[in-house]
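Each remark here refers to the structure printed beneath this line.
Since every read-out is calculated from the coordinates, none of them should be taken as a lab result. Fair warning: this is a prediction, and the values are worked out from it, not measured in the lab. Counting neighbours? That spans all protein chains shown, and the Cβs are built from the backbone with ideal geometry, glycine included.
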Protein chains: 4
Amino acid sequence: MNQIIGVIPPVLTPFKANGDVDYEAYCRNLARWNQYPLAGYLVLGSNSESAYLSEDEKLELISLTVEGAGSRLVLAGTGLESTRHTIALTNKAAHLGAHAALVLTPCYYGNRMNEQALMSHFTMIGESADIPVMMYNVPRFTHVNLPASVVGHLSRHPNIGGMKDSTGDVAQLVSFQRVSQTGFNLMVGTASVWYPALTLGLTAGVMALANCCPQECVDIQHLWQSGRTADAQTLFRRMSPVNAAVTATFGVAGLKYAAELLGYSAGYTRSPLQPLTSEEQASLRRILSEAQLI
Amino acid sequence: MNQIIGVIPPVLTPFKANGDVDYEAYCRNLARWNQYPLAGYLVLGSNSESAYLSEDEKLELISLTVEGAGSRLVLAGTGLESTRHTIALTNKAAHLGAHAALVLTPCYYGNRMNEQALMSHFTMIGESADIPVMMYNVPRFTHVNLPASVVGHLSRHPNIGGMKDSTGDVAQLVSFQRVSQTGFNLMVGTASVWYPALTLGLTAGVMALANCCPQECVDIQHLWQSGRTADAQTLFRRMSPVNAAVTATFGVAGLKYAAELLGYSAGYTRSPLQPLTSEEQASLRRILSEAQLI
Amino acid sequence: MNQIIGVIPPVLTPFKANGDVDYEAYCRNLARWNQYPLAGYLVLGSNSESAYLSEDEKLELISLTVEGAGSRLVLAGTGLESTRHTIALTNKAAHLGAHAALVLTPCYYGNRMNEQALMSHFTMIGESADIPVMMYNVPRFTHVNLPASVVGHLSRHPNIGGMKDSTGDVAQLVSFQRVSQTGFNLMVGTASVWYPALTLGLTAGVMALANCCPQECVDIQHLWQSGRTADAQTLFRRMSPVNAAVTATFGVAGLKYAAELLGYSAGYTRSPLQPLTSEEQASLRRILSEAQLI
Amino acid sequence: MNQIIGVIPPVLTPFKANGDVDYEAYCRNLARWNQYPLAGYLVLGSNSESAYLSEDEKLELISLTVEGAGSRLVLAGTGLESTRHTIALTNKAAHLGAHAALVLTPCYYGNRMNEQALMSHFTMIGESADIPVMMYNVPRFTHVNLPASVVGHLSRHPNIGGMKDSTGDVAQLVSFQRVSQTGFNLMVGTASVWYPALTLGLTAGVMALANCCPQECVDIQHLWQSGRTADAQTLFRRMSPVNAAVTATFGVAGLKYAAELLGYSAGYTRSPLQPLTSEEQASLRRILSEAQLI
């Protein structure tokens, strides 16, 4: 797998008022994101409400992303609880043209997802997948955290090409860097530590914030790379409260509301995920306004 | 919904070495459980590895349970992350003859599963389901805990007939009793507090332990009901370490190993769930032996 | 150590507006509690704000309790972080006439308070204390939970006579019963599971609620002992929301406010513990009113 | 308060085999640290086992530190649970010559340590203290995390000069930077994110690792400041596993063992803190050896 460099939005899925996927809105968003210098797209990440999508919907979204992404990288979230169903979905995604699969740590039986279980799961998937596999670590949702020892071992698997770590734990990123093989694509999975990750030599980030503020996410990286450290920091600090709002504080509903305000067709959330209350909306508008985004 | 009285095992799903469901083994187990005075069966609870089952597998297991249960109550676990898919699966289960649906709290976006989201989810399902709905609260797996206020409101919904609370938190059971409407079937979801739950007036329990020790679970209730308090306590205390082993300590793999030792066809776990190590097996055999079960 | 039977309030410490201990109010409260059939007093438990008291204040409170308790049992909370200071304070308490010491699990270096550290700490204290030692397990404040294995071992120490478990985890009480030596005084440390604890054969409870509702706490036990199970349950259920309010929800400030309303001289909390806001006060009054206490 | 620039070890307290403080060893360590370009010392931080020290011992250690530190900054940990005792100890430290006090968040009644309680506590201390006050946030030990809103407000208090944040949460450091007043000394409290903190513009770190590896901690900062980014990163990465070992993994006992191996007189831990087992010692030696320290 080649080195990934740049910003990848984990794209959101617009729903209609009746709860159906709004595929047209999805394609409009892709067209708009294509105007920015993004490195690729992650379809079916946590911000896509993938936990609420049927397999048919997932496959259609993969197809549309491959079609709409042009030459950009397409990562598809194909992780399911069981190893066998994850392999099956991964290979359907491969068949539809996804370039790599992002596989969530299984989590339902969390206290039994020990090193042995995680090693076995990812190894079997790596062996059977028709495209490279990347691990997806997001304890905020899964309550499972990949141990560095597992990352170290799996980074040496010929068909496991990287990972997305969404913990925001910079010391953990350092430990993953230290144990993983050269060429392993360690991607930071949240804009909350995008600038620190860059200063540590990471080159790729998959971040919710890139749905609504793609240019700013890209600019932080360009400023850092061109040695304009202070400007990179300033922009990063300006974006920090926005990122906190559209992730930890208000979640996907917040991200969708911000994206709508910034010109995207984010649509409804799917039940049981609730829309923001009017107080939450006001609070989020204030945050966007303070960041000079609206 | 009528009052449920008695013990209901959340039945396990045997898998073959190749990972396929072993339906024949499943039916053999049902036939054996039928020899005990159990109140019914829960198919597709957490101990069935339902998170690892395809919809086709789930429907086949519901059918076989309805067929094999005779006149006993059949509860089917139909909870999925999205409201719409939960309703669809619930009504398929209804069509196949399940008497009620046990619906897990959605959990992936756990910090947004607030009172409003949970109220909305269960109300929509209650309104659309062709069979009574029961709520399933198991924070050990979901990291979401149903607030008493939500239980109180939903207990008044005409098509929400009860709940399974698997926290083992007796004070919480008391708070649920206090707020819920008369006739609401509050079932304890773990043998770890089966005897205390009986002393508080609960009449039904859905407990993993009943997979491998059905008679003992039933006896605790009969002893209590017949006023033999000391004997009920003694038996409950003897079973406690066994229950801890097949739930918190060793999980489903432990339950399956114990069930095999006690004459059931429990089969393999499905990947990524790992079998017990040989040390874990030895530890579990010792616990069963100390409880005079083997 | 003899078997302890009955209800023991962990008595609160009244402070004046200037933050000094109000010893006169303390003695007035003791005189009032003496009118109820309580088994004894715990001075310097968590509800006494002992974390905020100087050693001089602690010793004065022990003296006053011994003096005011008549023939009743006096337990003194003497646990400090270090073993040596705990031993010193315990023996000062012994010298002042306390009958037994309640020793908190050390907790600052919580992740190093493993079985070895806890075994060593309590064994050294048991060996050096001039009065019997009881262990105090309250993870809500300490974030340390005594393992059953440690309880089992220490219950066999000749100078460790019992423990207070304030987790409200009934399954854990059962496991402690199972492993501890005959004669070990296992006391439930919260009214939230007082009735279930009685049905399991426990005979003593140290509960915050007994500060403001001593008679009701005693009555639950008497009703259970005299076979009036349904009445015991009814009273227990009526008290449950009150107990939740004066412990988990509003803490010591809530307990003090309730005690004031019910005729005790509870006084101020010591800083940084804040008094209830007026909204919290109104909410607590409503709960007391619904329980027919005011 | 002036800007603090550089590395400050939170110095450990050597104990003799009998548990007494070994003041001579303490002074020997100070003399050795004085050979390194450290910015100052923190006496009575978490790594000093201050939770296990009597007031007399604390005051003696403050005196010895002031005496031994030459012209360097001396911070004294004076936080206790109550506001009044914290003020008293702070002013005793001031009288002995400490330059500023580091005040731990109170934590025993953790769920009541809300914004109001924390604001009130630190404001009262700031008003009454004869030396500048710095806040100390270390949820690993206290289970309380200072909210950014509180930090923002208190950073404007004329006698609150800074804080030590030991969470290792870089996004939180950014949020603290964003809300706090210019001139507020935000110090990172763990070497686990020392390099990332420097890249964000922080200039001071109080880190356990500086007890045993002072030069390396200083070098990371010098390399960063002189633009040798890659060398700073390399050294930081080499130190990372050492830091993890002497903090999260093995705690104070590990730090003491490493310090002994590297030439300091670290002595015994005080009970109940246990020494490392021989397996833990071997593991730590291996980590030090891999980092080319022994």
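Using the scaling law 2.2 N^0.38 Å as the reference, what is the normalised Cα Rg of the protein assembly as shown? Please report the intermediate quantities before stating the final value.
Working: Rg = 30.5 Å, N = 1176, 2.2 N^0.38 = 32.3 Å.
Rg over 2.2 N^0.38 Å, computed on Cα atoms: 0.94.
Taking the rotation that carries C onto D, look along its axis and tell me which residue of C has the beta carbon nearest to it, distance in whole angstrom.
Per the C/D rotation axis, the closest residue of C reads C:H143, 3.
Taking only the alpha-carbon positions of the stretch D:1-97 and ignoring solvent, what does the Debye formula give for the base-10 log of I(q)/I(0) at q = 0.12, 0.13, 0.14 Å⁻¹?
Taking Cα atoms of the stretch D:1-97 as identical point scatterers yields -0.36, -0.43, -0.50.
In nm, what does the list of distances from C:E24 to its counterparts in the other copies look like, shortest first, when each label sits 7 Å along Cα to Cβ?
Spacings between copies for this position, smallest first, are 5.5, 8.2, 8.8 nm.
Please report the equivalent ellipsoid semi-axes of the stretch D:193-253, computed as sqrt(5 x eigenvalue) of the Cα gyration tensor, largest first, in whole Å.
Numbers: eigenvalues 83, 25, 19 Å².
Semi-axis lengths for the stretch D:193-253 are 20, 11, 10 Å.
Counting only other chains, and only Cβ atoms inside 10 Å, what mean value do you get across the residues of B:166-172?
For peptide B:166-172, the averaged partner shielding equals 5.
What are the nm distances, shortest first, from A:S226 to its equivalents in the other copies, labels at 7 Å along Cα→Cβ?
3.0, 8.6, 8.7
Taking the simple approach of a point 7 Å from Cα along Cα-to-Cβ for both D:R156 and D:S54, what is their distance in nm?
Distance between the two pseudo-spin positions: 4.5 nm.
If amide H atoms are built 1.01 Å from N in the plane of the peptide, which residues on other chains or at least 5 residues away come under 5 Å of the amide H of D:G6?
D:A204, D:G205
For the stretch D:125-207, state what percent of all Cα-Cα pairs lands in each successive 5 Å bin, counting from 0 Å until the bin that includes the largest distance.
Over the stretch D:125-207, the share of Cα pairs per 5 Å bin runs 3, 16, 28, 26, 18, 7, 2, 0 percent.
Just counting partner chain Cβ atoms within 10 Å, what average do the residues of peptide B:110-116 show around their Cβ?
Going residue by residue through B:110-116 and averaging, the value is 4.
For the stretch D:157-294, compute the orientation-averaged projected area of the C-alpha convex hull (one quarter of its surface), in nm². If you can, show how the numbers build up before the last one.
Working: hull surface 38.6 nm².
Over every viewing direction, the Cα hull of the stretch D:157-294 projects on average to 9.7 nm².
Find every distance from the label point of B:S54 to the corresponding label point in the other copies (7 Å from Cα along Cα→Cβ) and write them in nm, one decimal, shortest first.
Result, one decimal in nm: 1.6, 7.3, 7.5.
In terms of modelled amide H atoms, which long-range or inter-chain residues lie less than 5 Å from the amide H of A:D22?
Placed amide hydrogens put A:F15, A:K16 under 5 Å from A:D22.
How long are the semi-axes of the ellipsoid equivalent to the stretch D:6-227, from square roots of 5 times the Cα gyration tensor eigenvalues, in whole Å, largest first?
Working: eigenvalues 122, 103, 46 Å².
Listed largest to smallest, the semi-axes of the stretch D:6-227 are 25, 23, 15 Å.
Averaged across the residues of C:136-143, what count of C-beta atoms belonging to other chains lies within 10 Å of each residue's C-beta?
Values: counts 0, 0, 0, 0, 3, 6, 3, 5.
The shielding value for this peptide is 2.
Taking the stretch A:1-96, which trypsin sites (Lys or Arg not before Pro) meet the DSSP loop condition and have no more than 15 other C-beta atoms within 10 Å?
A:K16
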